Every structure is written in C-alpha cells, then in structure tokens.
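Novice: My questions all concern the structure below.
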Amino acid sequence: MTVPILRAFVLDTTDARRLAEFYRQLLDLEYREGDEPPPAGSDDPRGRSWLQLRARDGAFRLSFQQTSGVRPTSWPGDEVPQQAHLDTSVDSVEELDRQHDRILALGGTLRFDRSDDPEEPLRAYADPDGHIVCVFVG
C-alpha cells in the first residue's frame with residue numbers, strides 16, 4: 001500500500017514575508033530558491049503571495065500563504081480554537097529559557113507557561129499572526 005508523503009505544513013498569514021522571517025530565524029530554516037527576500041527597498045511580489053522555507057537537512061518544509069485575514073487563536077481560551085499548532089523541542093530548561101527570550105524578541109507572544117513542570121516543561125507562544133508554536137523540553 002502507498003500513502004501520501006507529507007511535504008510541507010502551510011500557515012495562512014496577512015504578511016507572508018514577516019511570518020516567514022519569524023520562522024526562518026526561530027528554526028534556522030532557509031528559503032526555497034527564488035523565495036529569498038529582495039534587496040532592501042525593492043518590490044517583493046513573492047512576499048505578497050506564497051513563500052516556502054525548508055529545513056537545512058530537507059526533513060520538512062514550512063510554507064506561508066498570503067490571505068486577507070487571519071483570526072488568531074484565543075488559546076488557551078476556547079473562543080477561537082487552535083485548529084493546528086507546531087511542536088518543537090529543546091534539550092533543557094535552560095535552553096527553554098534562552099528560547100523564550102529569542103521568541104519574544106522575534107515577535108512571539110507567550111500564551112501558556114508550564115516551564116516549571118518536572119515531567120514535561122513547556123511554553124506555548126503565538127506567532128505574529130496568532131498561530132501557536134510550542135517549545136517542549138525533551
């Protein structure tokens with residue numbers, strides 16, 4: 001039996017370039033050839049439609065689709081559910097704390113903090129468009 005192979009996860013966004021840059025820096029990804037940012041002050045037609053990042057080892061792709069509106073999740077409240085979120089991991093609580101500062105500096109917003117949980121420390125953040133990205137120790 002054959003099955004489809006997951007190639008990319010796509011996030012809707014009101015600013016594809018901004019969100020791609022957030023995740024490029026957060027996860028040390030690289031642009032698909034041709035999707036790199038244009039020189040400063042130049043027009044950015046690709047940044048207004050669809051961009052794709054890839055893991056340096058080719059393991060996965062993260063894509064960004066421009067849309068006229070995104071309704072940010074209200075999670076952990078349930079008015080607007082997550083519907084999907086990204087899980088990432090680090091090796092230690094110290095690294096979780098270091099990544100906390102990076103994510104905030106990149107424009108993320110802390111939504112949930114369970115960093116003191118002895119079994120599964122984690123923090124969950126909203127990216128600049130309100131999608132949830134979690135960072136676990138493990």
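The values are calculated or read from the model by the stated rules, or taken from the named source; none is laboratory data. Nothing here was measured: the structure is a model prediction, and the numbers come from that model. Don't worry about glycine lacking a Cβ; one is built from the backbone with ideal geometry, like all the others, and counts go over all protein chains shown.
Novice: If you take the residues of region 88-124 that are polar (S, T, N, Q) and surrounded by 12 or more Cβ atoms within 10 Å (Cβ to Cβ), which of them is farthest from GLY138 (Cα to Cα)?
Specialist: Across region 88-124, the extreme among qualifying residues is THR109.
Novice: Within region 1-37, count every residue that is among the basic types (Lys, Arg) and under 10 Å from the mean Cα position of the chain (by Cα).
Specialist: The total comes to 1.
Novice: Given the conditions (1) without any contact (Cβ under 8 Å) to a residue 24 or more places away in the chain; (2) charged (D, E, K, R); (3) closer than 21 Å to LEU26 by Cα, which single one is not true for ASP78?
Specialist: ASP78 satisfies all of (1) without any contact (Cβ under 8 Å) to a residue 24 or more places away in the chain; (2) charged (D, E, K, R); (3) closer than 21 Å to LEU26 by Cα except (3).
Novice: Let me ask another. Mind telling me which of the residues VAL10, VAL70 ends up being in contact with a strand residue (DSSP E or B) (Cβ under 6 Å, 6 or more places away or on another chain) and either part of a loop (DSSP other than H, G, I, E, B) or free of Cβ contacts under 8 Å to residues at least 24 places away in the same chain (or both)?
Specialist: Exactly one of VAL10, VAL70 is in contact with a strand residue (DSSP E or B) (Cβ under 6 Å, 6 or more places away or on another chain) and either part of a loop (DSSP other than H, G, I, E, B) or free of Cβ contacts under 8 Å to residues at least 24 places away in the same chain (or both), namely VAL70.
Novice: Now a separate question. Restricted to region 38-61, and to residues that are among the aliphatic types (A, V, I, L, M) and within 19 Å of ARG7 (Cα to Cα), which residue is farthest from the chain's Cα centre (by Cα)?
Specialist: Once the filter is applied, the top-ranked residue is ALA59.
Novice: I'd like to verify a number: residues in region 73-87 that are surrounded by 14 or more Cβ atoms within 10 Å (Cβ to Cβ) and touching a strand residue (DSSP E or B) at 6+ places or on another chain (Cβ under 8 Å), how many?
Specialist: 5
Novice: Would you point out which residue out of VAL93, VAL133, VAL80 is outside the structural domain of ASP12 (by TED's automatic domain parsing), of a type in the set (Val, Ile, Thr) and farther than 21 Å from PHE9 by Cα?
Specialist: Testing whether each residue is outside the structural domain of ASP12 (by TED's automatic domain parsing), of a type in the set (Val, Ile, Thr) and farther than 21 Å from PHE9 by Cα leaves just VAL93.
Novice: Counting only residues that are over 30 Å from GLU95 (Cβ atoms) and of a type in the set (S, T, N, Q), which one in region 12-53 is surrounded by the fewest Cβ atoms within 10 Å (Cβ to Cβ)?
Specialist: Among them, the one singled out is SER42.
Novice: From the list SER74, SER92, SER63, which one is under 22 Å from ARG32 (Cβ atoms) and at pLDDT 90 or above?
Specialist: Working: SER74 fails: under 22 Å from ARG32 (Cβ atoms); SER92 fails: under 22 Å from ARG32 (Cβ atoms).
Among SER74, SER92, SER63, only SER63 is under 22 Å from ARG32 (Cβ atoms) and at pLDDT 90 or above.
Novice: Here's something else I'd like to know. Going through ASP101, ASP44, ASP117, ASP113 one at a time, which residue ends up being over 19 Å from ARG17 (Cα atoms) and either assigned by TED's automatic domain parsing to the domain that holds ALA16 or assigned to a strand (DSSP E or B) (or both)?
Specialist: The match here is ASP113.
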